[in-house]
Every structure is written in structure tokens, then in C-alpha cells.
Amino acid sequence: MTSLQSSDRIVFRDVSKFYGEVLGVNKVNLEVAPGLTGLVGPNGSGKSTLMHLMTGLLRPSRGEISVCGVSPDRPEQLFHLVGYCTQYDNFPNGSTGLSFLRFALALHGYSKHEADERAWAALARVGLSDAANRRIAGYSKGMRQRIKLAHAHCHDPRVLVLDEPLNGLDPMGRAEMIDLFTDLAKEGRHIIVSSHILHEVDVISDGVIMIHGGAIVAEGGIREVRGEITSHPIQVLIRCDQPHVVASRIFELEHIVEARIIERDGLLVRTRDAADFFTQFNRIVIDTGVVVETVAPADESVHAVYDYLIGEGQGGGSA
Amino acid sequence: MTTPSNLLQRQAITLARHEIRRSLFSRRSLSVYLLVAMPLALMLLRALFMPGSMRADATHATTEFAEVFHFFLLRFVVFFANALIFVRLFRGEILEKSLHYTLLAPLHRTVLVLGKYLGGVLSATLILVITTMLTYVLVYLPHGAAGRQLMLSGAGIASLASYLVIVVLACFAYGALFMLAGLFFKNPMVPAIVFLGWETLTPFLPTFLKVLSFVHYLVSFAPVPVNLGAFALLAQPVPWWVALVALSVSSAALVFVASRVARRLEVTYSAD
């Protein structure tokens, strides 16, 4: 067992968090090694609670946490190491992208000149240089997501905690951000990414932590957990302008179990190979010129995965 | 290279500047400006509609300003302006759901509290000192040359300086209290109004209860005593240095408690 003071691991020891009588997370024991780790669970499963605990925005009711040897109780040390992109979509009133980052960097102790340089570099990295002097209140959802990512990594942290970082980004933006996370992980950093979109985590993560009802139901290498997931068809809901065109092309794929048109612009797809489905789906979109509004796993698919894992893994065993 | 003490200083100054900008130039500061505009508007109306017989007699201006200061400026404008500015230091960001950005900085929570408090004190002091000076001028101005002479004489300036000392000390004391209230209460204006009731009742309380109010110490610096009415229980005025120590110690104690509360502060916006 790694000690809490381990300088390269994020360690949770018997951590529980209760909100009054409501359970947040229960008896979590984790050791996260550097690399890209996916934190997966449905809404309300405790992903954000776990991330808040890791970053000291919440305090554990029981147990101990250490992030690379530093307790989250010591923000003055912790946030030299850690950057956190939360799910909150609010910003200080009146901030522009640039002023928002400058303020954060000034609090890190950078001089005005250094803060400016770092702010511009972070804005460039997330593709917001042109919007630097615009008010964040006028940003699109995707731009707000990008500025939060810039805020989280502008001070070059060793640990980057990202809560649903791809929400609101268009496919191109998602691809860019995934590349960014992968690059950062390759530099030896911890990247913890939460998502309720399994295939995204599957594509980018070295390891995965699955949480449900505040308990860790699966934790480990991506292959092991992936093995569990592929045995059940994953449902994907696509909203686009020509669902019948997509449906006809999708039926040609071997792993498709079902493709059902819902309402006028919805298509519910059940597939046994999500990774291949998304690869092929991108091709279909390019070939046909279909305009896609959203692609998201249907709730049922997430539930199915959890039903399966909980059924098989009573007692909180690891996959 | 930034030394740890330099870093703390720089962080506190950055936070203070940020709070000054928020307190003076945000949309929310409009309520503070409306509040401080009230005594100015009233004194302006008084100046415009003052009968000629009263204009000729400047001797009442000193007592009039003392009454305006005690019953309106100090107990209402200074009190609520501090409440509006300091309650927002934390509660405002919690309601805005943006407090987490500050909590995600490598800041000792004590530095966070001190930086915000400093910003609040500087903003409140700036606004309220200017308001008090303008009110002072507007009280004396309608009395013509005699009023100006009274206002600018050595005694007049000394008297104004005493009122400004009260305002500055009030910003420190009420500011610390309301910042703490903003950390503790979801709706800090309710305890603020309760405390205003307590401060208003102070003249009618026995001495052992008077000492539990700020206004009891603040009025020790007042250059002109005012008539508090037939039911007021008169007490020996507190020496200025005792008042200064009491206000400083209580402000420091409140800021210390606020920093202890801030150390345990969690981000649970849905619960707030």
C-alpha cells in the first residue's frame, strides 16, 4: 500500500463524505498513478464530490486524502500542483477571458509581465486568442468550457482535474481538447477526467475509475474495464437533420444491434463496439454531409453498464 | 524570485484590488451609491429650500451636522453601506457561484480573508469618507460666508476630522462583522437588521450592555454631543483610547474568526 505522502500519487484512504444525512461518497480507497485517468459514473454518482474532495473544495467527513504528498487542507501548497476545471458554468461578473486568467495567475504570484505571457499562451492553447478581450458572459458554451480549461492549466500544474471538460464542445473542439489532455499526460502529469460518456473515457484514458451511488464499483486498467463494458450493447442517441440517412449507413456495420428513429430528428443506436461505431459514424457524417446536433449515450446504456457491474461486482470489487 | 512573504503580500494586494474594483465599479455597487446619495440629496434639498432667516444664522449648522451624522449617516448610511459591501465579499461570490475560482488559487485562507477585508475597508472608507465630507459641506454651504468660515476654521476642520475617524473605524468594525456574517448566514441582511436594532437601542441600554455595541465606542470620538432623548440612559463617555483599543481588538477578533471559518469553507452552491 502506498503511503499518503507518496509524491507521485493521488491517494484516498477510507474517505467518506456526507451532506447532512445524504451520502456523497462512501469508504473510497484509491491510488491514482500519473497518466490519464477517466472517472466515470452517471449524474449524481459522486464524480464531482470525489473531485471536490481531491481539490479541497469539500472536506471529507472521514478518511484522508493526499495529492502528490500534499493534503487538500493546504490550498497554499496544493494549487501550485493542481489545476481544476469544475462543472460550474459561472464566472466573476464583468471578466474578459484575459482578465480572468490574469487574476488567477496574479494570485499564483506571477508578475504582471509573466501573468500576461502565461495568460496569452493558455488562451492560444485553447483557441481563444481572438476572444481574449471579450466578456466571458458573451462567450458560447464551448468557449466558456475552453476558458475554464485555460484557467485550470495556465499555471502549468502537475495534476489536472477536469470535470466533464468536453461538455458543450463541438466535435472539432473535443478532438483538440482530447489531444491536449493526451499531450499533457504524456508529459508525466496526472490528468483526471470525469465523464458520463463512456466512449470518450475509453478513447483517452490509461485507467478508469467507475463510481456509482458514491462507491467505487470498478477501478483499473482501461482494457479490464472495457472488457466488461463491451459485453453489453451501448445505446447512443444521435440528433441530426437526416436520421434515416445515418440509419441506413449504420445498418451496414456488423456490430450494430439496433438503429431506431425517434421523433423526427432522433436516432437511437445500440452497438456492441462503441469505439468502431464512433470512428465509422464520423466517416458517415463526412461522406453524407449530415448536420449533427448532438451525439450522446442514452441514459439506458449507462444504467445497463452499471447494472452489470454492480450485479457482478457486489462488495465493491475492482474490475 | 518571489519569497514566501512577498508572495503573501502580493496575493493580499491582488485580492484587495479585485475587491475594490468589484465594490466600486460593478453593477452591484449601484445600491451602495444610491444609499450614499440619500444624505447628499437631502442636504441639497435642505440647502435649496432653506428659509432666508435660517441662512443668516450659521451657529446651528454644527449641531445640525452632528444630528445628521449620528442619526442618519452613522446609524443608517455607514451601517448599511458597510453591510452591502462586506456581506458580498464572500456571500456575493457564493450567490454568483464564482467563489471556487478564488478557492482554487494557492492562497492560505487567512490571506484570502485579509485580502478581501482590506479591499472592503478601502472601498467602504473611500465611499463613506467622501459622502461624509460632502454632507458636511452641504450642511454649512447655505449659510454663506459665515458657514464657510465655520467650516474651514481650525475647529471646523478638527471636527470634520473627528467625524472621519468615526467613519473609518466604523468601516473596520462593521466591515469585520458583516464579512463574518456573509460567511455564516445564507441571508446576512437579516442578522444585519437585528444588529442595527441593537445599535439603535444602545442609548437606552444600561452600561454593561452598551459595551456590546460598536456605536457606543464610535461616538466617543464625536466632537459634538447630541441629545438622544428623554429615555436615553446616560453613561460616562469611554476615553478615546479605550474606544480605539476596543474597536481594534473586536475587529481583529472578528477577522480572526472569519479566517477560521474560511479554512473550513466548502463549495456547495446548491445548498446555498
Test set (1) farther than 14 Å from B:Thr62 by Cα; (2) surrounded by 17 or more Cβ atoms within 10 Å (Cβ to Cβ) - B:Ile130 fails condition number: (2)
For the stretch A:97-115 the number of residues that are charged (D, E, K, R) and under 28 Å from the mean Cα position of the chain (by Cα) is 1
Kindly indicate whether A:Leu184 is part of a helix (DSSP H, G or I), modelled with pLDDT of 95 or more, touching a helix residue (DSSP H, G or I) at 6+ places or on another chain (Cβ under 8 Å) and not β-branched (Val, Ile, Thr). no
Can you pull out every residue in the stretch A:92-102 that is crowded, with 18+ Cβ neighbours inside 10 Å and modelled with pLDDT under 95? A:Pro92, A:Ser95
Within the stretch B:36-57, does at least one residue satisfy the condition of being of a type in the set (Val, Ile, Thr) and within 14 Å of chain A (Cβ to nearest Cβ)? no
Could you please let me know if B:Ser53 is assigned to a helix (DSSP H, G or I) and buried (at least 19 other Cβ atoms within 10 Å of the Cβ)? no
Would you please name the residue that is farthest from A:Met54 (Cα to Cα), looking only at residues in the stretch B:240-272 that are among the small types (Gly, Ala, Ser) and within 14 Å of another protein chain (Cβ to nearest Cβ)? B:Ser259
In the set B:Leu8, B:Leu15, B:Leu84, which member is under 19 Å from the mean Cα position of the chain (by Cα) and either without any contact (Cβ under 8 Å) to a residue 24 or more places away in the chain or in a helix (DSSP H, G or I) (or both)? B:Leu84
Give the stretch A:97-123 a look and list any residue that's part of a helix (DSSP H, G or I) and within 9 Å of another protein chain (Cβ to nearest Cβ), or say none. A:Phe100, A:Phe103, A:Ala104, A:Ala106, A:Leu107
Matching option when the condition is free of Cβ contacts under 8 Å to residues at least 40 places away in the same chain and over 26 Å from B:Lys186 (Cβ atoms), among B:Ser98, B:Ser53: B:Ser53
Among the candidates A:Ala131, A:Ala152, residue that is crowded, with 21+ Cβ neighbours inside 10 Å and either among the hydrophobic types (A, V, I, L, M, F, W, C) or closer than 16 Å to A:Thr86 by Cβ (or both): A:Ala152
Among the residues of the stretch A:48-96, write down those that are within 29 Å of A:Asp116 (Cβ to Cβ), within 11 Å of chain B (Cβ to nearest Cβ), in contact with a strand residue (DSSP E or B) (Cβ under 7 Å, 6 or more places away or on another chain) and not in a loop (DSSP other than H, G, I, E, B). A:Gln77, A:Leu78, A:Leu81, A:Val82, A:Gly83, A:Tyr84, A:Cys85
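The values are calculated or read from the model by the stated rules, or taken from the named source; none is laboratory data. All values derive from a computational prediction rather than experimental measurement. When we count neighbours, we look across all protein chains shown, and the Cβ atoms used for this are built from the backbone with ideal geometry, even at glycine.
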